[in-house]
Amino acid sequence: MNAQIALILGQDGITNGAIYALLALSILLVFTVTRVLFIPQGEFVAFGALTMAAIQAGRPVLLVWLLLAFALAEAAADLIARAKRPGRARGLWRIAAKVIYPLVIAALLYKLPLAQLPMAVQALLTLLLVVPMGPQLYRLFYQPIASASTLVLLIVSIAVHLALVGLGLLAFGAEGARTAPFSDASLALGPININSQALWVVAVSAVLIVVLYQFFERSMYGKALRAAAFNRLGARLMGISPIFAGRATFFLAALIGTVSGILIAPITTMYFDSGFMVSLKGFVGAIIGGLVSYPLAAAGAILVGLIEAFSSFWASAYKEIIVFTLIIPVLLWRSLKSHHVEEEDE
């Protein structure tokens with residue numbers, strides 16, 4: 001170990017930590033607003049990366065049919081719910097739009113010369129395809145049981161995760177894929193060369209975090225989500241719809257996951273099940289923040305990235321174990337710090 005190697009490892013750690021920070025923030029946001037530990041967060045990372053790779057290779061993007069299937073199921077659920085409230089014909093156009101949207105995306109994907117499109121357009125198509133699945137998942141699997149216990153919501157999250165992994169294998173196959181880097185340039189900084197893709201990852205992550213901060217601090221919708229996260233019952237009494245809050249948080253989580261997948265696809269080979277491990281490291285960062293503090297969750301995720309990078313040098317065979325054992329001292333400390341109230345026997 002010398003200064004040059006330490007700088008290289010630090011660069012890798014900060015790059016990975018920036019992605020983990022985004023995922024930690026999205027996991028924390030979903031949990032505080034809906035009480036759902038969003039385990040399928042990683043699937044949006046994998047779907048974003050593999051969809052971008054399929055578009056760049058000019059291959060058919062089969063994931064669009066999953067989007068259509070979710071849209072049809074969502075429309076059917078909305079029609080059933082509407083049938084129980086007769087006399088309300090308004091809003092049917094919204095149900096129709098939910099079905100028309102994936103058909104439009106499918107037409108674009110099968111008519112456009114995908115491989116020849118600019119990279120920004122390819123990324124936009126990826127976002128338009130993958131991100132709407134977030135609100136769809138909430139409507140189909142979480143909204144009907146929104147008042148269930150946290151344990152039930154966790155079990156549903158595990159089931160959704162396993163189902164999406166299988167569907168990802170069906171849509172993308174077992175082969176891994178990478179995408180073309182945003183830029184091939186490099187920046188010389190002292191004894192090391194900084195890859196421009198790493199700069200893209202850190203810069204986009206920082207911009208997205210700032211945008212999210214401004215959204216929650218200054219916009220009415222962001223303040224509504226903050227209110228729902230702080231006090232769900234109080235927010236509901238003030239007229240903030242829990243359905244809106246749930247769909248909005250799942251939309252943001254899907255957006256963050258898809259952007260993260262697009263960012264890391266040029267750096268590492270992604271497989272249909274790779275997203276789970278990436279999001280799990282973001283979850284470790286959220287745990288370090290106590291699942292309550294956004295700044296601590298982001299800082300914890302950066303720490304996870306740095307520890308992972310340096311562990312890969314000192315003990316590469318055990319780097320995953322080292323990262324995940326970070327949870328143990330944090331949980332012990334929080335357990336000793338908190339005051340437990342013993343339940344009285346009846």
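The values are calculated or read from the model by the stated rules, or taken from the named source; none is laboratory data. All values reported here derive from a predicted model rather than from experimental measurement. Counting neighbours? That spans all protein chains shown, and the Cβs are built from the backbone with ideal geometry, glycine included. Heavy atoms of the whole protein, side chains included, go into the accessibility calculation; ligands, DNA and RNA do not. Shrake-Rupley method; radii C 1.70, N 1.55, O 1.52, S 1.80 Å.
Please enumerate the residues belonging to segment 273-289 that are modelled with pLDDT under 85 and open to solvent by 30 Å² or more (accessible area, probe 1.4 Å).
Ile288
Any chance you could count how many residues in segment 258-272 are buried (at least 17 other Cβ atoms within 10 Å of the Cβ) and more than 17 Å from Gly134 (Cβ to Cβ)? Steps first, answer last, please.
First pass over segment 258-272, keeping only residues buried (at least 17 other Cβ atoms within 10 Å of the Cβ): 258-267, 270-272.
Checking which are more than 17 Å from Gly134 (Cβ to Cβ) leaves us with 263-267, 270-272.
Selection size over segment 258-272: 8.
From the set of residues in segment 199-215 that are open to solvent by 70 Å² or more (accessible area, probe 1.4 Å) and in contact (Cβ under 8 Å) with a residue 12 or more places away in the chain, which is nearest to the chain's Cα centre (by Cα)?
Looking at residues that are open to solvent by 70 Å² or more (accessible area, probe 1.4 Å) and in contact (Cβ under 8 Å) with a residue 12 or more places away in the chain, I get Trp200.
In the list Val99, Val45, Val36, which residue meets the criterion of being of a type in the set (A, V, I, L, M, F, W, C), part of a helix (DSSP H, G or I) and within 16 Å of the chain's Cα centre (by Cα)? Please lay out each step first, then the result.
Details: Val99 fails: within 16 Å of the chain's Cα centre (by Cα); Val36 fails: part of a helix (DSSP H, G or I).
Every option except Val45 fails the conditions.
Looking at Ala301, is it open to solvent by less than 50 Å² (accessible area, probe 1.4 Å), out of contact with any Lys or Arg (no Cβ under 9 Å at 6 or more places or on another chain), assigned to a helix (DSSP H, G or I) and modelled with pLDDT of 80 or more? Show your work before the answer.
On the way: open to solvent by less than 50 Å² (accessible area, probe 1.4 Å): yes; out of contact with any Lys or Arg (no Cβ under 9 Å at 6 or more places or on another chain): no; assigned to a helix (DSSP H, G or I): yes; modelled with pLDDT of 80 or more: yes.
When the stated conditions are applied, Ala301 does not pass them.
Just to be sure I understand the filter: pairs with C-beta atoms under 6 Å, separated by 6 or more residues or on different chains, first member in segment 53-72 and on the phi > 0 side of the Ramachandran plot, second member crowded, with 19+ Cβ neighbours inside 10 Å and of a type outside the set (Phe, Trp, Tyr). Which pairs pass?
Gly58/Leu114
Kindly check whether there is at least one residue in segment 82-96 that is of a type in the set (Val, Ile, Thr), in a helix (DSSP H, G or I), open to solvent by 10 Å² or more (accessible area, probe 1.4 Å) and modelled with pLDDT under 90. So that I can check it myself, show each step before the final result.
Of the residues in segment 82-96, the ones of a type in the set (Val, Ile, Thr) are 95.
Then keep just the ones that are in a helix (DSSP H, G or I); that gives 95.
From the residues that got through so far, the ones that are open to solvent by 10 Å² or more (accessible area, probe 1.4 Å) too are 95.
Checking the rest, the ones that are also modelled with pLDDT under 90 come to 95.
Checked segment 82-96: at least one residue is of a type in the set (Val, Ile, Thr), in a helix (DSSP H, G or I), open to solvent by 10 Å² or more (accessible area, probe 1.4 Å) and modelled with pLDDT under 90.
Where residues in segment 102-118 are assigned to a helix (DSSP H, G or I) and open to solvent by less than 60 Å² (accessible area, probe 1.4 Å), which of them is nearest to Leu137 (Cα to Cα)? Show your work before the answer.
If we filter segment 102-118 for residues that are assigned to a helix (DSSP H, G or I), which is where we start, we get 102-111, 114-116.
Next, from what is left, pick out any that are open to solvent by less than 60 Å² (accessible area, probe 1.4 Å): 102, 105-107, 109, 114-115.
Numbers: Pro102: 15, Ile105: 18, Ala106: 19, Ala107: 23, Leu109: 22, Leu114: 27, Ala115: 29 Å.
Taking the candidates together, the pick is Pro102.
Consider only pairs whose beta carbons are under 8 Å apart and that are at least six residues apart or on different chains; among these, list those whose first residue lies in segment 216-240 and is of a type outside the set (S, T, N, Q) and whose second residue is open to solvent by less than 40 Å² (accessible area, probe 1.4 Å) and in a loop (DSSP other than H, G, I, E, B).
Every condition considered, the pairs that remain are Ala224/Ile240; Ala227/Ile240; Ala228/Ile240.
With on the phi > 0 side of the Ramachandran plot and open to solvent by less than 80 Å² (accessible area, probe 1.4 Å) as the only criterion, which of Gly173, Gly168, Gly134 stands out?
Going through Gly173, Gly168, Gly134 in turn, the sole match is Gly173.
Tell me whether segment 310-329 contains one or more residues that are modelled with pLDDT of 85 or more, open to solvent by 30 Å² or more (accessible area, probe 1.4 Å) and within 19 Å of Val202 (Cα to Cα).
Within segment 310-329 (the criterion being modelled with pLDDT of 85 or more, open to solvent by 30 Å² or more (accessible area, probe 1.4 Å) and within 19 Å of Val202 (Cα to Cα)), the answer is no, since none of the residues qualifies.
Inspect all residues belonging to segment 141-155 and state whether any of them is more than 19 Å from Thr258 (Cα to Cα) and surrounded by 22 or more Cβ atoms within 10 Å (Cβ to Cβ). Steps first, answer last, please.
Just the residues of segment 141-155 that are more than 19 Å from Thr258 (Cα to Cα), to begin with: 141-155.
If we keep only those that are surrounded by 22 or more Cβ atoms within 10 Å (Cβ to Cβ) too, we end up with 142.
Yes - at least one qualifying residue is present in segment 141-155.
Somewhere in segment 31-49, is a residue farther than 24 Å from Ile155 by Cα and crowded, with 23+ Cβ neighbours inside 10 Å? Don't jump to the end; show me each part of the working.
So in segment 31-49, the residues farther than 24 Å from Ile155 by Cα come out as 48-49.
Now restrict to residues that are crowded, with 23+ Cβ neighbours inside 10 Å: 48-49.
Yes, there is a match, as at least one residue in segment 31-49 is farther than 24 Å from Ile155 by Cα and crowded, with 23+ Cβ neighbours inside 10 Å.
Checking the conditions here, which among Ala188, Ala198, Ala228, Ala203 is hydrophobic (A, V, I, L, M, F, W, C) and at pLDDT below 75? Explain how you work it out, then say what you get.
Details: Ala198 fails: at pLDDT below 75; Ala228 fails: at pLDDT below 75; Ala203 fails: at pLDDT below 75.
None of the other options fit; the residue is Ala188.
Would you call Leu255 surrounded by 17 or more Cβ atoms within 10 Å (Cβ to Cβ), under 21 Å from Gln143 (Cα atoms) and at pLDDT 80 or above?
On the way: surrounded by 17 or more Cβ atoms within 10 Å (Cβ to Cβ): yes; under 21 Å from Gln143 (Cα atoms): yes; at pLDDT 80 or above: yes.
When the stated conditions are applied, Leu255 passes them.
With the checklist (1) surrounded by 14 or more Cβ atoms within 10 Å (Cβ to Cβ); (2) assigned to a helix (DSSP H, G or I); (3) among the aliphatic types (A, V, I, L, M) in hand, flag the one item Ile240 doesn't pass.
(2)
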